[in-house]
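Written below as structure tokens is the structure these notes are about.
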Amino acid sequence: MNPSWVTAIASTIFGISAIFFAYQQWKINTSKLKLDLFEKRYAVYDGVRKFLSVILSEATFTDKDLFQYYADTSDAEFLFGSEVVTFIDKVKRKSLRMRTLQKKYDRLPTGEKRSELVEKEHVELEWLMGQLSQLRKVFSPYLSFSKEANDPFDVI
């Protein structure tokens with residue numbers, strides 16, 4: 001056998017092997033990137049879930065709970081589309097309105113004005129409680145590994 005043929009065949013085999021290993025490395029890196037993104041997104045989802053769970057169980061929240069909610073959701077605009085960011089902001093606004101109404105009526109004696117504020121607070125609380133069941137629907141396009149997931153940021 002001619003040595004130039006052996007060299008050509010060996011070079012071809014090494015080239016194909018290099019392409020194969022590069023492709024496998026690309027697939028691994030792509031999977032790692034998806035996993036990292038999932039973990040960051042899940043942390044935001046979990047922060048919203050925990051905040052709503054506190055409201056559900058206590059019908060109020062502390063400043064510490066609110067600051068934790070801010071910390072947990074601060075990166076949302078970089079990880080999600082506008083519908084999730086809007087949802088997170090709406091939860092914040094409604095929860096703050098609920099607590100403001102609570103503080104206002106706590107100082108009032110029983111009467112028409114207090115009853116009006118209690119009713120408004122109850123509307124906000126009901127909305128917030130209903131959002132626990134909506135979380136999966138809002139976040140699921142971003143928390144799926146399936147090919148069918150409709151993630152607007154899925155460029156991989």
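Inter-label distance, residue 68 to residue 93: 2.6 nm, where each label sits 7 Å from its Cα along the C-beta direction.
Taken along the Cα-to-beta-carbon direction at a fixed 7 Å, the label points for residue 104 and residue 43 span 3.7 nm.
Projecting the Cα positions of 138, 102, 127 onto the charge dipole of the chain (unit charges on Cβ atoms of Lys, Arg, Asp and Glu, taken about the Cα centre) puts 102 furthest along the positive direction. Restricting segment 72-111 to trypsin sites (Lys or Arg not before Pro) that sit in a DSSP loop and have at most 15 other Cβ atoms within 10 Å of their own Cβ leaves 107.
Given R₀ = 25 Å, FRET efficiency for residue 59-residue 85 by Cβ-Cβ distance, to 0.05? It comes out at approximately 0.45. Put a plus charge on the Cβ of each Lys and Arg, a minus charge on the Cβ of each Asp and Glu, and nothing anywhere else: the dipole of the chain about its Cα centre is then about 120 debye.
At a Cα cut-off below 20 Å, give the aspartates and glutamates reachable from residue 120, other chains included and same-chain residues fewer than 8 away excluded. Those aspartates and glutamates meeting the cut-off are 58, 89, 106, 112. With loop membership from DSSP and a limit of 13 other Cβ atoms within 10 Å, the longest segment of the chain without chymotrypsin sites (Phe, Trp or Tyr not before Pro) is 1-144.
The modelled label-to-label distance for the pair residue 113/residue 16, using points 7 Å beyond Cα in the direction of Cβ, is 8.6 nm.
Values in this text are rule-based calculations from the coordinates and carry no lab data. Source: prediction; values computed, not measured. With ideal geometry, Cβ positions are generated from the backbone for all residues, glycine too; neighbour counts draw on all protein chains shown.
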